[in-house]
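No lab work stands behind these numbers, since they all come straight from the coordinates. This is a predicted model, so every value here is computed, not measured. A quick note on method: Cβ atoms are made from the backbone with ideal geometry, for glycine too, and the neighbour counts reach across all protein chains shown.
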Amino acid sequence: MAGVFFAALVLSVPAQEAFFRVDVDLVNIPVQVTAADGALIRDLDAADFELLDNGDPRPVDKVWLDTDLPLTIGILLDVSDSQGGQAAEQRRALAAFFEELLRPEDRAFVVAVGMDVTLAADLTASAERLSGAVETVLSGAPGGSPLGEQCPKRSFPPPPAGGDTMIVSACGGTALWNGAWAAIRYKLAGAPGRKALLILSDGVDTGSTRSLKETLAEAHRGEVVVYAIKYPRHPRARGVYGLQRLAEETGGVQYLAGQTRYEDAFRRIAGDLRSQDVLSLRPGLPPGTHRVEVRVRRPGARVRARSAYVRSPLP
């Protein structure tokens, strides 16, 4: 499997919106360009791109293929009851993902989200340690340490007929946005290189103290791209689009587990993270948020890129 797991890369997604912060002379915009059949187009130079900054045409200074930045990757696993029969496939796919993707200079961590948010494995380059943490949390065994703010709990005495004390969380059974917010704020925001959060969940949040809006804002500030694999196990999940919004607005992709195998989704994500074309341009005036539109002068080509940057005030 090691020889073929990431042998091919297929992406076919529309342009998405994301933000990143700039306080140097040049703005760098990572892009993925695909042909109509989804195959990556790599033989591009600055003349192939057209760029609008707040609606005004701007020259692209240069284009290069970026393959050397260190990666910091968070894996967020929904371990609530809605996880259902996904565990075995998730274990296998994540083990291969860690083994194939991580280099010595890369780091990854594992967060489990249910009633609470738990750091199951801290930042490490060890595929064995990460796979062990995934095995632990998906088997339901306790482990790890609390990450971020925890939801208030209330205990109820056993019923008269007997039984155990019932503990109820104010966040319900899945504090999804709390988990994503904490992973970004405490583990990803200050990391060097390229940063990504991979969420495996049905997308249903049952009452986090942090909102989706706050989580998006934290991802924008931390320049973190989010990828999601959504499994619609819970009936409520079919009409919930928070995961999709979080992925799209940070420049990532949401995959549906029923339509894409976990192994295929991870292969595409790995290729996305490891190899990207980058456009370079000089930031425009005034300071603040600049909307960017990237176009490619090739028939049928599709581009996915960050669509805004923030220019810091001039000193």
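Sorting 147-153, 119-125 by their mean Cβ neighbour count within 10 Å, with the most densely packed peptide first, gives 119-125, 147-153. With Rh defined as the Kirkwood radius, the inverse of the mean 1/r over Cα pairs, the Rg/Rh of segment 165-276 is 0.98.
Phi angles across segment 270-277 convert, under the Karplus curve 6.51 cos²θ - 1.76 cosθ + 1.60 with θ = phi - 60°, into 3J(HN,Hα) values of 4, x, 4, 6, 7, 9, 9, 6 Hz, Gly and Pro given as x.
Here the contact order of the chain, divided by its residue count and restricted to Cα pairs under 8 Å and six or more residues apart, works out to 32 percent.
Using 0.36 nm per residue, how much length does the chain from Asn54 to Ser145 gain when fully extended, once their Cα-Cα distance is taken away? Gain on extension, Asn54 to Ser145, equals 28.3 nm. Put simply, the amide H of Leu198, placed in the peptide plane, has neighbours under 5 Å in Gly74, Ile75, Leu76, Tyr227, leaving out anything fewer than 5 places away on its chain.
For Lys230, list the lysines whose Cα falls under 23 Å from its own Cα; do not include residues on the same chain fewer than 8 positions away. Answer for Lys230, where 23 Å is the Cα cut-off: Lys187, Lys195, Lys213, listed by chain and number.
Note on segment 71-273: along the principal axes its Cα atoms extend 57, 33, 33 Å, ordered by decreasing extent. Along segment 88-97 the Karplus relation, 6.51 cos²θ - 1.76 cosθ + 1.60 evaluated at θ = phi - 60°, assigns HN-Hα couplings of 4, 5, 5, 4, 5, 5, 5, 4, 5, 4 Hz to successive residues, with x for each Gly and Pro. For segment 301-309, putting each phi into the Karplus relation 6.51 cos²θ - 1.76 cosθ + 1.60 with θ = phi - 60° gives couplings of 6, 10, 10, 10, 8, 4, 10, 7, 9 Hz, in residue order, rounded to whole numbers and with x for Gly and Pro. Based on DSSP H segments of at least four residues, each scored -39500 (n - 2.57), the chain has a per-residue ellipticity at 222 nm of -6500 deg cm²/dmol. To the nearest 10 degrees, how steeply does helix 127-138 sit against the main Cα axis of the chain, on a 0 to 90 scale? Relative to the chain, helix 127-138 is tipped by roughly 50 degrees.
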